[in-house]
């Protein structure tokens, strides 16, 4: 039996879920508060797990057609010198990609729009949850451009409205926050000509400072500067005026080799940013209520390292589609109604049960990586010791293989996720 599903949020989780469920024949209403997908900052990294998810969805051609760059290597600079380069594995075409996320989302919506059972409402902001007499959630209320309000009734509401999810708050579903101790400041700078021919992800380490950059799909460097939360007790947003006055080029330069430092200084007037990302990491103990499911960042906001937000969101969408497909097929075999074979509440709980172990494992990996970086960047013995080890062993293949092995869960996922036919 096909359902009417209302999805709030057309980010990676919402757009992918809407496309997959609409293909299954469900009536899908996708509501997005923004009119366009372009935004100052969106996660751009597709790990092999995310690339595999797109392939499973039949979106390989989209990945090839949107602005993107395939990653070539992971470079590690310590003390202004490259100490290790790890070449990006290219197994069956599942290498890491840097993508224009806005273009990817737009292409997903374009794939869904010809389907007669799909509706898209851009520019509509969710303002409330609708319930029936039994208090079961049966839709959402949304407002367009601040004046027109409409009720969207549905059998199931899926909240994909991000880490600050309005629906999660309206449903009063609590978030169990992990101890994220850092925020990120994002910058953009024209990329040097030397990076027009290759796409490395470059991590730079100096005592008490860590940042990373890569040449993005738009020909500019995307730069992320790690800031400990405790270092600005008033909060990052309260500090932005001060940060905007900082000489960021001279903050970056000591961690760069001379030729890159010269490029940064030459283009200092073209530096864009900082854009402040308040890092939140957590997972809802309960992802669903009768008639409502949270997925993506709405259920489990991720740390930014290895771009796990978009990758876990795409894998969430596949699992949602698998469970809805199984539930729709079950009555045909048993000759019963969907509710008799698997109540919707049980289906929604089963989605969480399948996804939560990987989410928790990946978040632990992300936070462990941050703690390691924080330790080796401490002035004195931790930093000097790491610098010496990286200088001695970073050029050897066994050291590079060790790093790749440690990254396997963040690159490929922790459990198999496969879209079922």
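In table form, for the structure just shown:
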read-out: Degrees, to the nearest 10: 381-393 long Cα axis against longest axis of the chain; value: 90
read-out: On Cα atoms only, tilt of 344-376 relative to the major axis of the chain in degrees; value: 10
read-out: 0 to 90° range, to nearest 10: angle between helix 101-112 axis and the chain longest Cα axis; value: 20
read-out: Highest to lowest packing among 296-307, 94-105, 274-285, scored as the average C-beta count within 10 Å; value: 296-307, 94-105, 274-285
read-out: Rounded Å value of the spacing that divides the Cα centres of the stretch 260-312 and the stretch 20-90; value: 13
read-out: Tail fraction, Cα-Cα pairs, the stretch 1-76, threshold 22 Å, whole percent; value: 37
read-out: Förster radius 41 Å - calculated FRET efficiency between residue 147 and residue 393 (Cβ-Cβ, nearest 0.05); value: 0.05
read-out: Per-pair calculated FRET efficiency, R0 = 35 Å: residue 418 and residue 132 via Cβ, rounded to 0.05; value: 0.50
read-out: Descending principal axes extents, the chain, alpha-carbon based, whole Å; value: 69, 46, 37
read-out: Global geometry of the stretch 83-136, whether rounded, prolate or oblate, following the gyration tensor of its Cα atoms and the 1.5 cut on a/c; value: prolate
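Since every read-out is calculated from the coordinates, none of them should be taken as a lab result. Everything numeric here is computed off the predicted structure, so don't read it as measured data. Note: ideal-geometry Cβ built from the backbone for every residue, glycine included; neighbour counts use all protein chains shown.
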